[in-house]
1. Is it the case that some residue within region A:62-71 is at pLDDT 50 or above and surrounded by 16 or more Cβ atoms within 10 Å (Cβ to Cβ)?
2. Being at pLDDT 95 or above and either in the same structural domain as B:ARG33 (by TED's automatic domain parsing) or surrounded by fewer than 21 Cβ atoms within 10 Å (Cβ to Cβ) (or both) narrows it down to one of B:ARG158, B:ARG115, so name that one.
3. When the residues of region A:178-203 are filtered to those that are part of a loop (DSSP other than H, G, I, E, B) and at pLDDT below 70, which remaining residue is farthest from A:VAL121 (Cα to Cα)?
4. From the list A:ALA145, A:ALA123, A:ALA151, A:ALA171, which one is closer than 21 Å to A:SER189 by Cβ and surrounded by 15 or more Cβ atoms within 10 Å (Cβ to Cβ)?
5. Can you pull out every residue in region A:124-170 that is in a strand (DSSP E or B), modelled with pLDDT of 80 or more and of a type in the set (Gly, Ala, Ser)?
6. Select from region B:137-156 the residues that are more than 11 Å from the chain's Cα centre (by Cα) and closer than 19 Å to B:TYR32 by Cβ and write down the one among them that is farthest from the other protein chains (Cβ to nearest Cβ).
7. Which residues, counting only those in region B:51-65, are crowded, with 23+ Cβ neighbours inside 10 Å and either β-branched (Val, Ile, Thr) or facing another protein chain (nearest Cβ under 7 Å) (or both)?
Amino acid sequence: MASVDELLRDADPLRHEPPDEASRARVRRVVMSASHDSPLSPWRRRAMLGMSVALVSAALAVVGVSIWPGSSGTVHAAAMRFEIRLAELEPGLGLRELRPSGSSKPLYLHSDVVVTNGDIVQARVVAGRDADHFNIAVVLTPEGARKLLAATTSHIGRPMAILVDNELVAAPTVRSAIAGEALITGDYSRAEADRVAAGISVR
Amino acid sequence: MNAMAQSLVVPMPETAADRLALLFDAHYDRLYRLARRLATDPDAARDLVQDTFLRAARSLTSVPTVRQDEEAWLVRVLINIARDAWRRRDVRRRHDVAAPVSAAGSDVEAAFVARATVWRALDSLTPRRRAIVVMHELEGLAVPAIAALLGVAEVTVRWHLAKGRRELSRLLTTQGEHHGKR
């Protein structure tokens, strides 16, 4: 007799049933009809360009902790310099090489800083994936949003670098033009998130 | 770039409807695959997925914004809905479904019946155990990945896997004997 694993694989209905796009569309209509076309939350309305973004970085879960190790220190609010710069995967004229910790592949940073602390209206701690983890929502000034939009529009498909105190904390790939708000996500403890948000907020 | 290569910049939706649409488009296929393997037929699977997204629509603010966490949230909701339905089902019927489907004539039909019999044997597993068996055996997910997705300890996943395999093996052996006696 065949093993349970083999029997299961052979009986798997997905092997024998074609995708049903019509049913998918029907379910989508039902689900969307249950939605209210309301703004997501009041703080989003503060986004000056009416456009918001999520800066999603799985890397921060790993890298963030190594940069902000625990909550043992006091909050040094003014100590943190927050920067977003455009970056490249290949070397070029005027680009500064940066080797992310734990990575064999370097990143090449543009000399111009696109966004820094002065471009931020507010950085605050928001709920994360569960009660023990927190993210940081960053709202840009109109000028900061305009600069980020201009920079990212011509940089789609290429990386950008997020630095805190000159250390690379994330190198996300730009998938679309961004402005307005950013959400830095990554399994922070409440104390770590408070510390980072306080550090970013001070100009 | 290791973990950093996973970083993405994606547009964040402005309204609840946009967010729900993005959520649906990003996760429907994955949820349907799981639901189909937890359900007896495609209609039941679609109902499961639909109820999952309807629950997300009702409590959109509690859905996490990171993709992996979104997926884990939706998968857990889907399994909970499957569990509620499974509990509501008449206990006797639940055990009946593990009984062999009646034999058929041609080889094609016989193969179909054999597959249906195996599939229906899965119905006697609790939805969480069934999901763990399905994710491991059919989706090829490793134990730590399943544990992270479901928010349980790896030892719990291993325990469900072992119990699930044993239960299925016992059921299928019993059914093999049934067939042999015919």
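1. Restricting attention to region A:62-71, the residues satisfying the condition of being at pLDDT 50 or above are none.
Scanning region A:62-71, I find no residue that is at pLDDT 50 or above and surrounded by 16 or more Cβ atoms within 10 Å (Cβ to Cβ), so the answer is no.
2. Numbers: B:ARG115 fails: at pLDDT 95 or above.
Residue meeting the stated conditions: B:ARG158.
3. Looking only at region A:178-203, we keep the residues that are part of a loop (DSSP other than H, G, I, E, B), and these are A:178-180, A:189, A:202-203.
Pick out the ones that are also at pLDDT below 70 and you get A:178-180, A:202-203.
Working: A:ILE178: 16, A:ALA179: 13, A:GLY180: 10, A:VAL202: 10, A:ARG203: 10 Å.
So, considering only residues that are part of a loop (DSSP other than H, G, I, E, B) and at pLDDT below 70, the one farthest from A:VAL121 (Cα to Cα) is A:ILE178.
4. Numbers: A:ALA145 fails: closer than 21 Å to A:SER189 by Cβ; A:ALA151 fails: closer than 21 Å to A:SER189 by Cβ; A:ALA171 fails: closer than 21 Å to A:SER189 by Cβ.
Of A:ALA145, A:ALA123, A:ALA151, A:ALA171, the one residue that is closer than 21 Å to A:SER189 by Cβ and surrounded by 15 or more Cβ atoms within 10 Å (Cβ to Cβ) is A:ALA123.
5. A:ALA161, the sole residue that qualifies.
6. Just the residues of region B:137-156 that are more than 11 Å from the chain's Cα centre (by Cα), to begin with: B:137, B:140-156.
Still in the list and also closer than 19 Å to B:TYR32 by Cβ: B:137, B:140-141, B:146, B:149-150.
Details: B:GLU137: 5, B:GLY140: 10, B:LEU141: 14, B:ILE146: 16, B:LEU149: 12, B:LEU150: 13 Å.
Step by step, filter region B:137-156, then rank; the result is B:ILE146.
7. Scanning region B:51-65 gives B:THR52, B:PHE53.
The rows are residues; the columns are (1) under 22 Å from A:ARG29 (Cα atoms); (2) modelled with pLDDT under 85.
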{"residue": "B:ARG33", "(1), (2)": "yes, no"}
{"residue": "B:ASP43", "(1), (2)": "yes, no"}
{"residue": "B:ARG55", "(1), (2)": "yes, no"}
{"residue": "B:VAL66", "(1), (2)": "no, yes"}
{"residue": "B:ARG76", "(1), (2)": "no, no"}
{"residue": "B:ILE79", "(1), (2)": "no, no"}
{"residue": "B:ASP84", "(1), (2)": "no, no"}
{"residue": "B:ASP107", "(1), (2)": "no, yes"}
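The values are calculated or read from the model by the stated rules, or taken from the named source; none is laboratory data. Model, not experiment: these values are computed from the prediction. Ideal geometry is used to build each Cβ from the backbone, glycine not excepted, and the neighbour counts take in all protein chains shown.
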